[in-house]
Amino acid sequence: MRRGIHILVLAFCASVATARAGDEAKIEFQVIPLPPTLGLPDRHSDFVIRSTQSWYAWVDNLTQVVEPLPTIDFDRYTALVASAGYKAHGPVVVTFDSITDTANVIRVHVSVTSPPACPPEPESGHYAALALIPSTDKPIQFDISNLDRPCPGR
């Protein structure tokens, strides 16, 4: 009897996991690299920008913009910015690994990776990337995998 219940519970859990996986849809996205010279916050931060007004407010909060930033059609796109913050031992790569639409939220998986070996001349900066997804009002959750490791002695 117990074995039969265990089998039913396992089958139910497997069907729920399959249903949840089936509810997730990958979202196509376009990545736009951002220059490390942007005056982004010194700590890790993520931004969801859904309108031209929000874009200009975000840009106004940057402490330095050396290169022109892209023009974005917010009628078509939502902009996602993932920033690793200030890194003295760059270059650091910020990568959008995947973006999925679940029933209630859009999940954004980002990796922050340092170079495989310490560079002879570290490049300090505010490392970030920007991704464009189809326009959405859904809540957005960032999941970060931090593979960034400082160089010893720096």
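Total residues in region 52-81 satisfying the condition of being surrounded by 15 or more Cβ atoms within 10 Å (Cβ to Cβ), part of a loop (DSSP other than H, G, I, E, B), modelled with pLDDT of 90 or more and of a type outside the set (Phe, Trp, Tyr): the figure is 1. Among residues of region 76-104 that are within 18 Å of Thr136 (Cα to Cα), those with a Cβ under 6 angstrom from a residue that is of a type in the set (A, V, I, L, M, F, W, C) and in a loop (DSSP other than H, G, I, E, B), sequence gap 6+ or separate chain, pair up as Ala79/Ile72; Ile99/Ile27; Ile99/Phe29; Asp101/Ile27. Can we say Val105 is hydrophobic (A, V, I, L, M, F, W, C), under 16 Å from Leu80 (Cα atoms) and surrounded by fewer than 14 Cβ atoms within 10 Å (Cβ to Cβ)? So Val105 passes the test. Tell me, please, whether a residue that is outside any loop (DSSP other than H, G, I, E, B), in contact with a Gly (Cβ under 8 Å, 6 or more places away or on another chain) and of a type outside the set (D, E, K, R) can be found in region 38-51. Scanning region 38-51 turns up at least one residue that is outside any loop (DSSP other than H, G, I, E, B), in contact with a Gly (Cβ under 8 Å, 6 or more places away or on another chain) and of a type outside the set (D, E, K, R).
The values are calculated or read from the model by the stated rules, or taken from the named source; none is laboratory data. From a predicted model like this one, the values you see are computed outputs, not experimental measurements. When we count neighbours, we look across all protein chains shown, and the Cβ atoms used for this are built from the backbone with ideal geometry, even at glycine.
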